[in-house]
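Data first, discussion second: the structure below is written as structure tokens.
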């Protein structure tokens, strides 16, 4: 036998003796607790821990009570569990036994952003009592994972960063990893490799920063800081099944199954920061519970490395172990057990990287009980190269040395802490073991001492970053405001409970800022939230696009019987390229925090799927029958038809597929977000007869889902009659409850067959989650065609509108447009930013070619409207061609107007436009098919001037203001008053383009010849203040100049590289 084998055999014998001795110990009381003051309590029963608002007691003492709390609580009737054969382990040392089945990237599920995670099939039951699910799992957040073990091979736990172990024994190190479902895509030193989960024994993730993860963990467990000192404790559970899970009192619950006084009937619920699901752990299987203040975390939660190069005979012995002796038993020195620590075999040097928050460390040290009278060591603690502590020689396991608090100041900027155990060969006393094979040493309950105030500040900041829906957004309170993040227990019918982070604005609104790069397909900004409870005025949601208010409304209350709140939708249609978005949440009662679930840019709305809202000729050309033939479908885009474009389908024996859904649309009774139920559509049947609408799904050949409409329709299995009456040649709305008619199905497409009679026109098919979702429709209903004849009105209105239209020469090369609104006095309304300043002499050209002189008057800057008056006198009873102003003081929800102008070949043009969204009291609309410029107008169906275009969005959509403001403020404007703040985007310009950036707004373009160029601004300059106001976004810059006028001079503070400066700039005129 070799000397190495003899030494290993000796170590095994030491371990066996240690465990036999422990098994023989007398355990008079079942529960043993160690308190923060050093006192130890014992009793047969824990009391009072049967609900989440009751605090546990042992031997008449509270176990959770601030600085008087327990450090740990041990159930001595149980033995610690063996390391599971398969498990997932966190950087903190937490562990979940089970099989990792796949990886899921960050995704949206039922209106909620779910972070990247592993799906784990637990090998222990963590379900709530009464939960009968057979197929259940736990989702473990990727960033917290240290390693995954599918098949444990090594007798001792190991961790080698960026390494995989195959089941056939191969070991491969990698440089980078990308996880895809059940595969690990590895970048190696000499190429790439894909490793399937089912061929791996272990996957060791790259080394993570354990201090960063601790702060993130506290940001989830204690997001609002440690103000409640009594309950601000971190709890860690360890069960006999191998589960190790950390939580806080904020994410903890209890379910008592029967007699509340019987502790073995309690089941404790907790949700660690690393788990997206709640773990239910029976008290009867809970071996050890640890408790610590957040500013005194156990050292074992942080990354560490061990150097055993000084070992002599024990060089091949066991490596360091967390929370166990080095031989695997409980941490025990002398007659006392300890709740956490490090078991090492001398010689050993443990090195732990430090955080700037660390101000000290404290530990005890002793030889393990298994060493008995043998062993001899000396311990030292170093801060970098500075020795903080040296113990006397420790001989035998009866002596415990306390380092006391070892503190240092922040200016130390220490990098590492070293815990050294020296076998002390040179000066061992007589009678001590001559060798180091029994130098089994325990670092007992080592704790870091952190700066509590700085830690609390950092944790509150980290909490903001843990709200997954906010990822990618810059989040900040307004001056004198505060963001509070709190834990919210979410309990919804037919769903497991969970804890989620929710936000409250204190004193002032807080803001989320981001610049989105939009394409033409990005039509909706979807914001999904939950608010539980009603305690006064609800908080409001405000959304600004490029500084303009695009949405304002209450954040609605949620109810536990509803499977998800309807999102708030902000229309983005008409905008392309970079768009600066600001989202605000206003203050409210602290008992109404908002759970932010998702902020996404989407083509369709989650609860309202538009199918035939705006079909194109190309869409129609691709429509085929179910046999794959060309469909008898016609594209209809009549200029005067409300709701156009539409489709017309001729009678046929075959269905024409008009829509496909990939992925399929799930239709259910109590629809969660992403699921739908109701159908609404518009049709106009020619020549009577019937038609059918077919919802295609996987089993539709055996169990069809077909609606029949029209005279002679019959009900059969799989066929539902919506209307059996005579169909008239007019637009009509159809409604259906798909779930009530066909049950739960997943629809892959929609097809239509016109059975007989004449063709049928179809428009505006919508699938909705609830009836109330139809209120989200902004497109005007085709039913309006039954009483609104826009074709006829177009012919009547166009001549008068064009006759009242004028062009204006403001001088200095500036030209604009406007409308005469008073036939006798020659008053003209035009965009205010062009009219300013008052009292200017200008030249007007009327539609009949006359060029009378005119003068500018006052400006309503809020609506960007200005007045001019023709000063040339009329002859006799002549009148200026004029148009009457609207009498409506606001736009309708489904507002339609007739845009008028000049199209191709300088011919008069008119086209219907519809409201798409709000814009600070103005609206932005669909774009007509001809050039529609600033100053051109839009006419109501009753011939009045209903709107004037004052600016264009980035995608070309016109911004229309209501000229009714002229009726309200005409007297002030005729007195040459200039009042209000400019409509965002219409005010004076700095002559530069900016975008939000850290610490201010960055200049991305300087307009040649503009104000900024003339005084030397450059691309890359960072503006910090405009006119004395701090700026963090393009909207802030626009708001800063909104009260000002072209020609005003202001100061602009900026940074260029490391230099700070300020320039005086003269504001320019906007075109």
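Descriptive notes on the structure:
- Residues satisfying the stated conditions in segment 945-994, i.e. touching a helix residue (DSSP H, G or I) at 6+ places or on another chain (Cβ under 9 Å), in a loop (DSSP other than H, G, I, E, B) and under 25 Å from residue 900 (Cβ atoms): 983, 985, 986
- For segment 75-108, the tally of residues that are more than 25 Å from the chain's Cα centre (by Cα), part of a strand (DSSP E or B) and farther than 24 Å from residue 198 by Cβ stands at 1.
- One residue from 360, 404 being assigned to a loop (DSSP other than H, G, I, E, B), at pLDDT 95 or above and touching a strand residue (DSSP E or B) at 6+ places or on another chain (Cβ under 7 Å): 404
Every residue, every condition in (1) within 18 Å of residue 345 (Cβ to Cβ); (2) under 53 Å from the mean Cα position of the chain (by Cα); (3) in a strand (DSSP E or B), yes or no:
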{"site": "379", "(1), (2), (3)": "yes, yes, yes"}
{"site": "387", "(1), (2), (3)": "no, yes, yes"}
{"site": "392", "(1), (2), (3)": "no, no, no"}
{"site": "398", "(1), (2), (3)": "no, no, no"}
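- Selection of strands (runs of 3 or more DSSP E) fully inside segment 804-856 by the criterion of at least 3 residues being surrounded by fewer than 23 Cβ atoms within 10 Å (Cβ to Cβ) returns 805-811, 814-820, 841-845.
- All of (1) surrounded by fewer than 23 Cβ atoms within 10 Å (Cβ to Cβ); (2) under 30 Å from residue 604 (Cα atoms); (3) in contact with a helix residue (DSSP H, G or I) (Cβ under 9 Å, 6 or more places away or on another chain) hold for residue 776 with one exception: (3).
- Qualifying positions in segment 734-773 - over 22 Å from residue 666 (Cβ atoms), out of contact with any helix residue (DSSP H, G or I) (no Cβ under 8 Å at 6 or more places or on another chain) and either crowded, with 16+ Cβ neighbours inside 10 Å or free of Cβ contacts under 8 Å to residues at least 40 places away in the same chain (or both): 753, 754, 755, 757, 759, 760, 761, 762
- Residue check: residue 537 meets all listed conditions (1) in contact with a helix residue (DSSP H, G or I) (Cβ under 9 Å, 6 or more places away or on another chain); (2) surrounded by fewer than 16 Cβ atoms within 10 Å (Cβ to Cβ) but one, namely (1).
- Residues in segment 1031-1055 that are modelled with pLDDT under 90 and surrounded by fewer than 18 Cβ atoms within 10 Å (Cβ to Cβ): 0 in all.
- Looking only at segment 152-174, and only at residues there that are out of contact with any helix residue (DSSP H, G or I) (no Cβ under 8 Å at 6 or more places or on another chain) and in a strand (DSSP E or B), the one that is nearest to residue 305 (Cα to Cα): 163
- Residue match in segment 211-230 (condition: touching a helix residue (DSSP H, G or I) at 6+ places or on another chain (Cβ under 8 Å) and assigned to a strand (DSSP E or B)): no
- Filter result for residue 429 (in contact with a strand residue (DSSP E or B) (Cβ under 8 Å, 6 or more places away or on another chain), surrounded by fewer than 14 Cβ atoms within 10 Å (Cβ to Cβ) and within 30 Å of residue 369 (Cβ to Cβ)): yes
- Looking only at residues in segment 150-179 that are out of contact with any strand residue (DSSP E or B) (no Cβ under 7 Å at 6 or more places or on another chain) and over 27 Å from residue 345 (Cα atoms), the one that is surrounded by the most Cβ atoms within 10 Å (Cβ to Cβ) is 170.
- Among the numbered conditions (1) more than 24 Å from residue 616 (Cα to Cα); (2) without any contact (Cβ under 8 Å) to a residue 24 or more places away in the chain, the only one that residue 936 does not meet is (2).
- Segment 927-958, subset surrounded by fewer than 19 Cβ atoms within 10 Å (Cβ to Cβ) and closer than 22 Å to residue 613 by Cα, residue modelled with the lowest pLDDT: 955
- Total residues in segment 719-732, condition free of Cβ contacts under 8 Å to residues at least 40 places away in the same chain, surrounded by 14 or more Cβ atoms within 10 Å (Cβ to Cβ) and either within 47 Å of the chain's Cα centre (by Cα) or under 18 Å from residue 686 (Cβ atoms) (or both): 5
- Residue within segment 140-149 that is modelled with pLDDT of 90 or more and in a loop (DSSP other than H, G, I, E, B) present: no
- Qualifying residue in segment 487-500 (condition: touching a strand residue (DSSP E or B) at 6+ places or on another chain (Cβ under 9 Å), farther than 27 Å from residue 247 by Cβ and either surrounded by 20 or more Cβ atoms within 10 Å (Cβ to Cβ) or in contact (Cβ under 8 Å) with a residue 12 or more places away in the chain (or both)): no
- Any hit, segment 526-535, residues being part of a loop (DSSP other than H, G, I, E, B), under 20 Å from the mean Cα position of the chain (by Cα) and outside the structural domain of residue 133 (by TED's automatic domain parsing): no
- Residue within segment 420-443 that is part of a strand (DSSP E or B), within 26 Å of residue 305 (Cβ to Cβ) and touching a helix residue (DSSP H, G or I) at 6+ places or on another chain (Cβ under 6 Å) present: yes
- Within segment 20-54, being surrounded by fewer than 16 Cβ atoms within 10 Å (Cβ to Cβ), at pLDDT below 50 and either in contact with a helix residue (DSSP H, G or I) (Cβ under 8 Å, 6 or more places away or on another chain) or assigned to a loop (DSSP other than H, G, I, E, B) (or both) holds for 21, 25.
- On the stretch given as segment 363-388, residues that are farther than 15 Å from residue 333 by Cα and either touching a helix residue (DSSP H, G or I) at 6+ places or on another chain (Cβ under 6 Å) or surrounded by fewer than 19 Cβ atoms within 10 Å (Cβ to Cβ) (or both) total 7.
The values are calculated or read from the model by the stated rules, or taken from the named source; none is laboratory data. Bear in mind the structure is a predicted one, so any value in this text is a computation, not a measurement. Note that we place each Cβ from the backbone using ideal geometry, even for glycine, and neighbour counts take in every protein chain shown.
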